[in-house]
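The values are calculated or read from the model by the stated rules, or taken from the named source; none is laboratory data. Computed from a predicted structure; not experimentally measured. Backbone-built Cβ (ideal geometry, glycine too); neighbour counts: all protein chains shown.
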Amino acid sequence: MSDRHRFDDLFASFGPIALCRFFGGEGICVGEAMIGMVFDDRIYFKTDAQTRAAFIAEKCKPFTFVKRKSGETVVTGWYALPERLYDDPDELAAWARTALGVVRRSPTEQKKQKKRAISSTPRKAAKRRPIRRAR
């Protein structure tokens, strides 16, 4: 993995991010939420049906990959950032907040949040019943 801090200036208006390994690239994480990914030094943000229109209006392309076994091309919901955002950290921050909202609204993330909440809730000690001995 290359320099973990190379996007710190770009995301300064948004807030701290962490880069993590993600298949053949890197994930852009905010806490436990992955809002973006980096492949070939191109940043892609998570989109949904509502937010994708802004990327399409900017003529941004989705991230695609080819399945090894079938040769099928898969088009994902991750879209490349508009080139102009690499020079505009303030506007990039707005797009990053939108991507974070997409992740937080996703059913998968909501399940994870529920699971984390349940696992962090202290469990009550089981009440012990007195053992009855046969007389």
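The table that follows gives values for the structure above.
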quantity	calculated
Residue, nearest to residue 55 (Cα to Cα), within the stretch 3-43, restricted to residues that are basic (Lys, Arg) and in a strand (DSSP E or B)	42
Neighbours by Cβ (under 7 Å, 6+ apart or cross-chain): first from the stretch 71-83, on the phi < 0 side of the Ramachandran plot; second charged (D, E, K, R) and assigned to a strand (DSSP E or B)	77/46; 78/46; 80/42
Residue 57, sole failed condition from (1) closer than 16 Å to residue 85 by Cα; (2) in contact (Cβ under 8 Å) with a residue 40 or more places away in the chain	(2)
Residue that is within 21 Å of residue 97 (Cβ to Cβ), surrounded by fewer than 16 Cβ atoms within 10 Å (Cβ to Cβ) and either over 16 Å from the mean Cα position of the chain (by Cα) or among the polar types (S, T, N, Q) (or both), where the choices are 8, 48, 41	8
From the options 56, 35, 43, residue that is of a type in the set (Val, Ile, Thr), at pLDDT 95 or above and in contact with a Cys (Cβ under 9 Å, 6 or more places away or on another chain)	35
